[in-house]
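Colleague: One structure follows; several queries about it will come next.
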Amino acid sequence: MLTLRTFGQFITDTLGIMTKGSRLYYAWIGFLLLLIGMGAIAYVGQLNHGLLVTNMRDQVSWGFYIGNFTFLVGVAAAAIMLVIPAYIYDWEPIKEITILGEMLAISALVMCLGFVMVDIGRPDRFWHIMPLVGRLNWPQSMLAWDVIVLNLYLLLNWFVVTYLLFCAYTERHYVKKLVLPLVLLSIPMAVSIHTVTAYLYNGLAARPFWNSAILAPRFLASAFCSGPAILLILLQVLRKTTKLSIKDEAIFKIAELMAYTMGFNLFLTAAEAFKELYSGTEHMVYFQYLLFGLKGHNTLVPYAWASIIFGFVAFILFLVPRTRTNWVTLNIGCVLIYASVYIEKGMGLIIPGLTPDALGEIFVYTPSFTEITVAAGIFAIGFLVFTLMLKAAVPMMLGEFTLSKGRKAASEPEAGPIKA
Amino acid sequence: MTDRKPTCSPEGCDSRSGSGGNRREFLGTAVAAVAMALTGCGKLSKEEFLQHNFQELSKDEVRSVIARLEKEYKAKYGKDVKVATTPPLPGVIFGYALDLSRCIGCRRCVHACVKENNQSRDPEVQWIRVLELDKEEGVNLQHAEQYYNPEEVPREGHFYMPVQCQQCKKPPCVKVCPVGATWREKDGITVVDYNWCIGCRYCMAACPYGARHFNWGEPHLTADEVNPDTHYFGNRPRPKGVVEKCTFCIQRTRKGLYPACVEICPTGSRKFGNLLDKTSEIRYILENKRVFKLKEELNTQPNFFYFYGV
Ligand code: SF4
Ligand code: SF4
């Protein structure tokens, strides 16, 4: 009973911190709300007119939405990977990062589910896909698997984050016996969400570009580059703007790990490209479309090469200790990796998978204005979720905001630790 | 594709109130209201929203669903549209054979199909795609042209290959559907429950023959164009946001008629029949002609065959 009441207080206090902040904080929230509003208007238009307002058609039946979905599943999976060194090797400097990783995963998953929701033609029938109420074609359909694992993963991360913060709030030590197995469970879960998402494409014999055995390993390798890239930038921002202390050492260590995964990712991409281009079967056309263009259609070509070059440059930057420990080159590397994987696992995966289509037609797809606006709205929702969680979590993690100190701290105007 | 975007007309927006007696009433209007918001304009009755997968409906429920659909079509097109639920005929598995040596690519089948099956005219949905191929290249889809001029056929050095749903024995589209909205019936026809499909388009990615088509916008069909003789899984007018495909004219073939494309073909390239009937023409072709299946290596095992008659 008592815990229930404190939990209620925890919720109200959390909401309290979320709504109070500096002017910059309000401006940021306002900006996100604006984007969300614009996305919502575009989405209502899409609901009224149907997916006709997107540029997807029968030939290219998935596009920007599903591309973003795929990329974000990778982010959600990779955010947790930092948990491995923290918990297995009990490596202190990285430990506080894991809770951030989990919050990042939650935000990424919210965006994933958003992208799926806006992509389906009949969102009013969403209940058909819910287990028990609807009719889930499980275990046959990989999409059914994906729905299950993504939601479980979301639930798991949400529970761990809430529990850890609640413990910090009530100034109790968390029960290690409860948290550790859950955190350890989240590691194979992270691998599984991305594997299942890869299998979603992988299992389609109709699409040779996806029907490759190393698709899932490629997914994992690229995700373990892009997820940490986001986190590295975030850690630096948090260090500057809050009292959270994150050691240089932790950041450099993550960067080193990223160099290896990026190297592996490039290797796998090369292996795939070699197999397709050297053997030169009829399946080569998809890679040709991506890398060189086909029959004069080369919309994807500059992006594909940018992705490869960015990935390679970032790999070098992270491999060489001098550039890895230099803040400027480190951050350039992060941005490059992010861009590289965003292209590779987004449009660079979906579009050549579907072009040329099953009957050999080349339909050139670029996202429509509606698609871009809706996508921006969903990204804004993700950022909003993340910002709000961070706003409440940081003071709690620092022990500044607890059951005994909380009320007082919240009533002071400059209590919001995020100043920038 | 079209510049006429379907808009939310005042009639379209008012929700038809449900006519009581629904056994899932307890789920309440609240849920339906959320769903209505999700369709953009509240063109959704509570019964429609709560309708379950067709395979799980009792006889009574099927009857009420059909009555509701017929009422809706009557209101929409001002004429009686009959929605049949004719089950598969016992001892029948349909097979199709197409004679590549005869087909001239005139595309009459394409248009007969659109007329018979109540496809949206704007944007126009076509279930049959006719490919113009190079004789020198053979069946190489990377050299296929769909947008040739039908006035000029047959063109020198080319042959024509119509492709539609191959009614696979191992249909990947069925395997991938997350909600079981599409399945293979006993007579070999893969059908879609248009009232259960969520429009995720996973089946379109899975189909190796480009046979599945999506209603990107509100399907437009005038009252004159409506073929009132329909089947629940076949040519009944479809809603927006769902997938559709060739059903071998289920509304005709289950009554013993030929598909519309078979009837219209001026060259007699299209052959249709019961694979289980040893005396059928289709069996004769399979046993005596040079037959192949499209993308055989994928092991989808089509019941649609291509052959060279002469
Ligand atoms: S041709 Fe395509 S739509 Fe038809 S049964 Fe085969 S996979 Fe399904
Ligand atoms: S679009 Fe409809 S039929 Fe196709 S996989 Fe999705 S729910 Fe199933």
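Colleague: Output the residues belonging to segment B:144-174 that are within 14 Å of chain A (Cβ to nearest Cβ), near ligand 1 (Cβ under 9 Å from one of its atoms) and not in a strand (DSSP E or B).
Modeller: Just the residues of segment B:144-174 that are within 14 Å of chain A (Cβ to nearest Cβ), to begin with: B:144-148, B:160-166, B:168, B:170-174.
Those still in the list that are near ligand 1 (Cβ under 9 Å from one of its atoms) too: B:163-166, B:168, B:170-174.
Listed by number, the residues that qualify are B:Gln164, B:Cys165, B:Gln166, B:Cys168, B:Lys170, B:Pro171, B:Pro172, B:Cys173, B:Val174.
Colleague: Still on this structure: Among the residues of segment B:153-164, are any charged (D, E, K, R), away from ligand 2 (no atom under 16 Å from the Cβ) and in contact with a Phe, Trp or Tyr (Cβ under 6 Å, 6 or more places away or on another chain)?
Modeller: So far as segment B:153-164 goes, no, none of its residues is charged (D, E, K, R), away from ligand 2 (no atom under 16 Å from the Cβ) and in contact with a Phe, Trp or Tyr (Cβ under 6 Å, 6 or more places away or on another chain).
Colleague: If you go through segment B:227-237 one residue at a time, do you hit one that is among the charged types (D, E, K, R), surrounded by fewer than 18 Cβ atoms within 10 Å (Cβ to Cβ), in contact with a helix residue (DSSP H, G or I) (Cβ under 7 Å, 6 or more places away or on another chain) and not assigned by TED's automatic domain parsing to the domain that holds B:Val65?
Modeller: yes
Colleague: From B:Asn227, B:Asn215, grab the single residue that is closer than 30 Å to B:Ser45 by Cβ, out of contact with any Phe, Trp or Tyr (no Cβ under 8 Å at 6 or more places or on another chain) and within 16 Å of ligand 1 (Cβ to nearest atom).
Modeller: After applying the criteria, what remains is B:Asn215.
Colleague: Here is a further query. Name the residues in segment A:190-214 that are more than 14 Å from every other protein chain (Cβ to nearest Cβ) and either surrounded by fewer than 23 Cβ atoms within 10 Å (Cβ to Cβ) or of a type in the set (Phe, Trp, Tyr) (or both), would you?
Modeller: Once the filter is applied, which keeps residues that are more than 14 Å from every other protein chain (Cβ to nearest Cβ) and either surrounded by fewer than 23 Cβ atoms within 10 Å (Cβ to Cβ) or of a type in the set (Phe, Trp, Tyr) (or both), segment A:190-214 yields A:Val191, A:Ser192, A:Thr195, A:Ser212, A:Ala213, A:Ile214.
Colleague: Based on this model, can you work out whether A:Trp305 counts as away from chain B (no Cβ under 14 Å) and farther than 20 Å from A:Tyr286 by Cα?
Modeller: no
Colleague: What is the residue count in segment A:54-84 for residues that are more than 14 Å from chain B (Cβ to nearest Cβ) and assigned to a loop (DSSP other than H, G, I, E, B)?
Modeller: So the count comes out to 1.
Colleague: Continuing with the same structure: Looking only at segment A:240-253, decide whether some residue is closer than 29 Å to A:Ile214 by Cβ and in a helix (DSSP H, G or I).
Modeller: Yes.
Colleague: As an exercise: evaluate A:Pro181 against (1) away from chain B (no Cβ under 14 Å); (2) surrounded by fewer than 20 Cβ atoms within 10 Å (Cβ to Cβ); (3) within 30 Å of A:Ile337 (Cα to Cα) and give the number of the one condition it does not meet.
Modeller: Among (1) away from chain B (no Cβ under 14 Å); (2) surrounded by fewer than 20 Cβ atoms within 10 Å (Cβ to Cβ); (3) within 30 Å of A:Ile337 (Cα to Cα), the lone unmet condition for A:Pro181 is (3).
Colleague: Identify the residue in segment B:238-268 that is within 14 Å of chain A (Cβ to nearest Cβ) and either small (Gly, Ala, Ser) or closer than 19 Å to B:Gly95 by Cα (or both) and, among all such residues, is surrounded by the fewest Cβ atoms within 10 Å (Cβ to Cβ).
Modeller: For segment B:238-268, the residue satisfying everything is B:Lys245.
Colleague: What helices (runs of 4 or more DSSP H) lie completely within segment A:273-385 and have 3 or more residues being in contact with a His (Cβ under 9 Å, 6 or more places away or on another chain) and modelled with pLDDT of 95 or more?
Modeller: none
Colleague: Among the candidates A:Val116, A:Val110, single out the residue that is surrounded by fewer than 23 Cβ atoms within 10 Å (Cβ to Cβ), modelled with pLDDT of 95 or more and within 19 Å of A:Thr387 (Cβ to Cβ).
Modeller: When all the criteria are applied, what remains is A:Val110.
Colleague: State all residues of segment B:56-70 that are under 28 Å from A:Leu47 (Cα atoms) and either within 14 Å of another protein chain (Cβ to nearest Cβ) or β-branched (Val, Ile, Thr) (or both); if no residue qualifies, say none.
Modeller: Selection gives B:Val65, B:Ile66.
Colleague: Answer yes or no as to whether B:Val139 is surrounded by fewer than 23 Cβ atoms within 10 Å (Cβ to Cβ), part of a loop (DSSP other than H, G, I, E, B) and either within 15 Å of ligand 2 (Cβ to nearest atom) or within 13 Å of another protein chain (Cβ to nearest Cβ) (or both).
Modeller: yes
Colleague: Could I ask something else about it? If B:Arg201 passes every condition in (1) more than 9 Å from ligand 1 (Cβ to nearest atom); (2) surrounded by fewer than 21 Cβ atoms within 10 Å (Cβ to Cβ); (3) basic (Lys, Arg) but one, which one does it miss?
Modeller: (2)
Colleague: What pairs can you find where one residue is in segment A:291-304 and basic (Lys, Arg), the other is crowded, with 16+ Cβ neighbours inside 10 Å, and their Cβ atoms are less than 8 Å apart, with a gap of 6+ or different chains?
Modeller: That search, which allows pairs on different chains as well, returns A:Lys295/A:Ile362.
Colleague: Tell me yes or no: at least one residue of segment A:213-227 is part of a helix (DSSP H, G or I), more than 18 Å from A:Gly67 (Cβ to Cβ) and among the charged types (D, E, K, R).
Modeller: no
The values are calculated or read from the model by the stated rules, or taken from the named source; none is laboratory data. Predicted, not measured: the structure shown is a model, and the values here were computed from it. Methodologically, a virtual Cβ is constructed for each residue, glycine included, from the backbone with ideal geometry; neighbour enumeration extends over all protein chains shown.
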